[in-house]
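For reference, the structure is listed below as structure tokens.
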Amino acid sequence: MTPAARAAWPAEGARLLEPSISYALGVVPAVTPELLSRPTPCRGWDLRMLLRHACESLTAFGEGIETGRVGLDPAAEDGDLAADPARAFRDRAGQLLDAWTNPGHQRQVIEIAGCPLAANVMAAAAALEVAVHGWDISRACGQRRPIPRALATSLLAIAPVLVPRAGRHPLFAAPVTVPATAGPSDQLAAFLGRAPRE
């Protein structure tokens, strides 16, 4: 990443939150109760576990945007998440988008465990997380719907800043090698330890 790109990426990342949520909301309707036990590209996780994790992440990002702070302990799982994780995902993704686009909640800095983080950086992290988990959901449902090219290209540019190659375990698997001809969606998935061709 060039110095100019590195300087510009937080604002760019913030612009990616809405299309990332839109992509994820476009794939989650394929989730049915029968598919919740299917494996996902996240090793050792079935679709129910992935949706639970994604909902916790969406809640944390929304909390940060709305209150300016993110707690380290996830809230207790509510009945909606247990009963219908796909609906809970849709609801929480919509709440995150509402929080981010509400002028009354625009913050410059968000505190996570006492450490300040620029709101644009958190939005960039949220965009990456939501889009890639949308990709995971799509694969688990048998859709294989790629992240839109422009969105994946932009996320791929900021991903190395958010998820460096060193020190990423156990949150992320090692990058996977893909052909040079792979599209940006597959390249992004591979950078985050997913095997696009499986």
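The values are calculated or read from the model by the stated rules, or taken from the named source; none is laboratory data. Computed from a predicted structure; not experimentally measured. Every residue, glycine among them, receives a Cβ derived from its backbone with ideal geometry; neighbour counts consider all protein chains shown. Just so you know, the surface numbers come from the protein's heavy atoms only, side chains and all, with ligands and any DNA or RNA stripped out. Shrake-Rupley method; radii C 1.70, N 1.55, O 1.52, S 1.80 Å.
Details
- Test: residue 147 is closer than 20 Å to residue 54 by Cα and open to solvent by less than 50 Å² (accessible area, probe 1.4 Å): yes
- Applying the criterion of being surrounded by fewer than 14 Cβ atoms within 10 Å (Cβ to Cβ) and aliphatic (A, V, I, L, M) to the residues of the stretch 159-183, the residue that is nearest to residue 50 (Cα to Cα) is 171.
- Selection status of residue 182, out of contact with any Asp or Glu (no Cβ under 8 Å at 6 or more places or on another chain), outside any loop (DSSP other than H, G, I, E, B), modelled with pLDDT of 90 or more and not basic (Lys, Arg): no
- Pairs meeting the criteria (first residue in the stretch 110-139 and hydroxyl-bearing (Ser, Thr, Tyr), second residue at pLDDT 95 or above and not in a helix (DSSP H, G or I), beta carbons under 9 Å, at least 6 apart or on different chains) are 138/145; 138/146; 138/147.
- For the stretch 40-67, residues that are open to solvent by 60 Å² or more (accessible area, probe 1.4 Å) and either under 17 Å from residue 170 (Cα atoms) or not polar (S, T, N, Q) (or both) total 9.
This table checks each residue for (1) without any contact (Cβ under 8 Å) to a residue 24 or more places away in the chain; (2) under 13 Å from the mean Cα position of the chain (by Cα); (3) within 19 Å of residue 57 (Cβ to Cβ).
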site	(1), (2), (3)
154	no, no, no
167	yes, no, no
172	yes, yes, yes
189	no, yes, yes
192	no, yes, yes
196	yes, no, no
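- Count of the stretch 101-120 residues, restricted to those that are assigned to a helix (DSSP H, G or I) and either in contact with a Phe, Trp or Tyr (Cβ under 6 Å, 6 or more places away or on another chain) or open to solvent by 30 Å² or more (accessible area, probe 1.4 Å) (or both), is 5.
- Residue 196 vs. criteria open to solvent by less than 20 Å² (accessible area, probe 1.4 Å) and part of a loop (DSSP other than H, G, I, E, B): yes
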